[in-house]
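**Student:** Dropping a structure here in structure tokens format, bear with me for questions.
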């Protein structure tokens, strides 16, 4: 998790290390092309800088958020049901004709099938296409969900005999005996038998683990049975899943087929997968096994039962196995964090190779992790803590025609465990002859304003993805023998046209590209777009039929026979249904495409890259750093000069006057120094310009930003996960709660799954300037619009010996009683670089929020949030720039993306996006409740709600119990920038409590059925439950008002496992609301009144509370019956519940869930109207008929 920064010199030194160049790797460049005009530089920032660039790029996310994306996808593997594959023939499209909507590429296409399940992998994508050399039979497999609810997911495949439709194209289910949820497949073939083989996993059900199937007759695509491979780990319950497979062969020295022939060769299929830990966020084992063909029966010699061999451990889902088809070589490739004790910050690429078909690995007692065996493990990258780049886990390998191993992988341009990871990624290729070489630069130039908010679909992807390599076998054009062709999926690019290719919600459409190496991976050609299918501005699907022509994932076959054989999934509406960027209404049934692309001989092209590509530094005097100029083309590259202008940045390298990098030569280091001596506090910039002869970036710019903070310290974002003994919660020094972490958002464990109820939350500061521009500062969903002014201050398990009272500006006193708490304090302000035309760090709007967090333990589990709002001058390093916001009214409040658990099964609580909710005027309360997913539109009275709740409450009394505004609203239009969000939406809701959020939905909404906001006026706002949030404006700060203002709010959640009717949990929620008010010294509000106002009951109310004898009146008879119950008196059957007419709640006067003498005393006081009440009975459970005198 993030580190805590401390004040003073120590904090300043840590920040210097965090923000130095080794942290900020290559992020491009000037918006406009640089020229040779050397105009004077200004002392304050006047161009876009690093942080501004990050915010305007496709995605820049915290490390925790990136992990959360993966964890959510992992938990998608959980399923409460077992499904069978569907049989039948999928409709074919004409071969040699485009089958993707508006596809314009001239190459050969055919449709393999369709699927709503729109991801192919979590990190590494297994090969999903294979071609058998002798027959040229082409097979493709994929995970198929047949509806937008994703209620089934199994493995489907397609076959092209002879890579042609001639002879038949068989499409259908594999295998017919599939039991359980199938997913994440790959395909290979047996080297001797020429049979296609599929491998995949069952993530849940019985049995789970790694399974595979092989053709009964080569070329028939017939699957008689599936086989369970050794995949278990000693001492672990999770079997290996997310597997890869590769066919090879061995010499049968052990006579596995019992034919007394020890020199023949046998087919073998190797499997390499990942421990199936479905909770995510863990260090998992990488597991190997193999199957040997013993006279037509597949056996697993060397493996005992289902126990496989543990190869290594790591954090990413990366294990990949590749085999030679010329020899018995087999390699296991993966990423691991072994070098630093499995800290996320040090992933490296490793491989282990066998030269005898894995015979040594299958030997009894073989241990991959112990010397001398572990000495065979090769680390290809060897990163250390100073490196600002890491592999993502997306990798692949192949053996070339010289029987030499080739490994490709995707690598973040910028990686910082504290700050996060960039969306930009480069592609690297390693060979034994040349080592790691950058093949493709994914650090794209920032585009025009209209494209700056473009988003890559699915938080686990980057600009470049899925680098799969095929090797030319000399067929057709012998001169191309051993040429390497690497295909990959790209989002965005270095042109406005590429970056403008988005759907209407700003998600980028992907394209399949290819590069070629003619010299065994030493250098690579310019990229070619294989699909050429841009559909800029494509609209939302109509009846789930999309108009976009993007790509989700792609793979190529290992063999290139003058044709590059590619399989990819189209994307008819960018964004992932599986990863919750798309809703079921915007989902599409995407096609799986087989594409035949002609191999080519590339022409020489000069291409340049640089790493790192930008710097933010706090030097503290003089700091020396280095960047590297790289020739990534297949021609010699000449650098004419490297220049800059400022006096505080000095290029100290003697090569800046020009040099040539020969094709394939090492990177050229360039050193420089920055010096903040004599500089007043402020933000300074310079641009180092590399003038060169490349085709891609002839004027390459490297941003260098220097922050001088001798007065007020520059403070980095930081987070801390607190534990109140019952739940975990991440709190940041920028007003953030939850940080998008599945295990740190009011998180507690239930069964085998999490019940994290708060996905992300923020304080917001919103205003509109004199020209009508809306400015929103918030810190959630990767939008870092608030800047820390102080390090996060945390005290865990801190004892409060004297009660602490806060007087709010509304005139209420909130008192934190004595006790032990987790406590945190943060101070921050709006941080909006490049908004309204002001560069880094953006305009100073003058509003500062200081928040204190008091986290109560059970039974309330309340988070009390005290806000102090003030107007202050900026820190010494921040330029004081105002853009017309002086004198305008500002609105400050909380926006929380609660995710009340939606699944009614406590052991499978994976779905959290389906919520129902209301505001409760007169009680200052917003609540959300989990909903069981439904395929039909329902009025709110019929929605199947459960007992799980979230709540946000204003802490006020009497006429100030309600805040200025509060709303339940859709995330997509209020809090999720890039998916329909408009800043003015949040402004309008924050500014006006009377505004119905239905007003903000677009014209394409389904009339009368599109979800907006559950209101009580009619059913027109009712529909499918979706992902909603709670918004509460805490204070309206008038323009020019410099008075310090104080507000108070509280958040809590209810996870109710006693019943799934919803009523029990609702009563617990309203009861908790009252308990919190009482604890904090606020006015008492009768729980019964709150419960009635909330209207969240769903169970039928069949009785009155306190009416023990079921007479429908309140008399002494009820009290006598209640006492008889308490003392189990005889006289009726069954004792004692018979005294309460069969319902416990009939005797529960105080709504506590139990019946004691306290209930009897309350009943007596009610009947005799004793003073000190109210004494009326409180509705609970099935006794929820509202009290009437």
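**Student:** Looking only at the stretch 878-894, which residues are over 34 Å from the mean Cα position of the chain (by Cα) and either outside any loop (DSSP other than H, G, I, E, B) or buried (at least 16 other Cβ atoms within 10 Å of the Cβ) (or both)? Quick ask: steps written out before the conclusion?
**Tutor:** If we filter the stretch 878-894 for residues that are over 34 Å from the mean Cα position of the chain (by Cα), which is where we start, we get 879-889.
Selection gives 879, 881, 883, 884, 885, 888.
**Student:** To continue, here is another question. Name the strands (runs of 3 or more DSSP E) wholly inside the stretch 640-741 in which the number of residues that are more than 30 Å from residue 603 (Cα to Cα) is 2 or more.
**Tutor:** Working: elements: 649-651, 659-661, 668-675, 682-692, 699-708, 719-723, 728-732.
Fully inside the stretch 640-741 and qualifying: 649-651, 668-675, 682-692, 699-708, 719-723, 728-732.
**Student:** Is it the case, given these coordinates, that residue 969 is assigned by TED's automatic domain parsing to the domain that holds residue 756, assigned to a loop (DSSP other than H, G, I, E, B), farther than 19 Å from residue 865 by Cα and at pLDDT below 85?
**Tutor:** Values: assigned by TED's automatic domain parsing to the domain that holds residue 756: yes; assigned to a loop (DSSP other than H, G, I, E, B): no; farther than 19 Å from residue 865 by Cα: yes; at pLDDT below 85: yes.
When the stated conditions are applied, residue 969 does not pass them.
**Student:** I've got another one for you. Quick one: residue 767 ticks every box in (1) in a loop (DSSP other than H, G, I, E, B); (2) more than 19 Å from residue 852 (Cβ to Cβ) except a single one, so which number is it?
**Tutor:** (1)
**Student:** Any residue at all in the stretch 821-832 that is at pLDDT below 90, closer than 20 Å to residue 989 by Cβ and either touching a helix residue (DSSP H, G or I) at 6+ places or on another chain (Cβ under 6 Å) or crowded, with 19+ Cβ neighbours inside 10 Å (or both)? Break it down stepwise before answering.
**Tutor:** Initially, the stretch 821-832 is screened for residues at pLDDT below 90, giving 831-832.
Subsequent filtering for residues that are closer than 20 Å to residue 989 by Cβ retains 832.
Now drop any that are not either touching a helix residue (DSSP H, G or I) at 6+ places or on another chain (Cβ under 6 Å) or crowded, with 19+ Cβ neighbours inside 10 Å (or both), which leaves 832.
Yes, the conditions are met somewhere in the stretch 821-832.
**Student:** Same structure, new question: Taking only pairs six or more apart or across chains, which ones have beta-carbon atoms under 6 Å, a first residue in the stretch 231-248 that is at positive phi, and a second residue that is in a strand (DSSP E or B) and crowded, with 24+ Cβ neighbours inside 10 Å?
**Tutor:** So the pair list comes out as 242/184; 242/273; 242/274.
**Student:** I would also like to ask the following. Please report, ordered by residue number, the strands (runs of 3 or more DSSP E) entirely within the stretch 472-579 with at least 2 residues that are over 27 Å from residue 189 (Cβ atoms). Spell out the reasoning first.
**Tutor:** Values: elements: 484-491, 510-517, 550-556, 563-571.
Fully inside the stretch 472-579 and qualifying: 484-491, 510-517.
**Student:** Looking only at strands (runs of 3 or more DSSP E) that fall completely inside the stretch 186-286, which ones have 1 or more residues that are touching a strand residue (DSSP E or B) at 6+ places or on another chain (Cβ under 9 Å), surrounded by 16 or more Cβ atoms within 10 Å (Cβ to Cβ) and outside the structural domain of residue 368 (by TED's automatic domain parsing)? Walk me through how you get there before you give the answer.
**Tutor:** Working: elements: 196-202, 209-214, 240-251, 265-275.
Hits in the stretch 186-286: none.
**Student:** Quick check on my filter: what residues within the stretch 1110-1147 are in a helix (DSSP H, G or I) and over 25 Å from residue 1168 (Cβ atoms)?
**Tutor:** Start the filter on the stretch 1110-1147 by keeping residues that are in a helix (DSSP H, G or I), which leaves 1116-1126, 1137-1140, 1144-1147.
Matches in the stretch 1110-1147: 1137, 1138.
**Student:** Name the one entry in 697, 679 that is in contact with a strand residue (DSSP E or B) (Cβ under 7 Å, 6 or more places away or on another chain) and buried (at least 17 other Cβ atoms within 10 Å of the Cβ). Give the derivation first.
**Tutor:** On the way: 679 fails: buried (at least 17 other Cβ atoms within 10 Å of the Cβ).
Result of the check over 697, 679: 697.
**Student:** What residue, among those in the stretch 290-309 that are assigned to a strand (DSSP E or B), under 11 Å from residue 230 (Cα atoms) and at pLDDT below 95, is nearest to the chain's Cα centre (by Cα)?
**Tutor:** From the stretch 290-309, those assigned to a strand (DSSP E or B) are 290-294, 297-299, 307, 309; that's our starting set.
Filter again for under 11 Å from residue 230 (Cα atoms), leaving 290-291, 299, 307, 309.
Filter again for at pLDDT below 95, leaving 307, 309.
Working: 307: 32, 309: 31 Å.
Here the residue is 309.
The values are calculated or read from the model by the stated rules, or taken from the named source; none is laboratory data. Everything numeric here is computed off the predicted structure, so don't read it as measured data. FYI the Cβ positions are ideal-geometry reconstructions off the backbone, even for glycines, and counts take in every protein chain you see.
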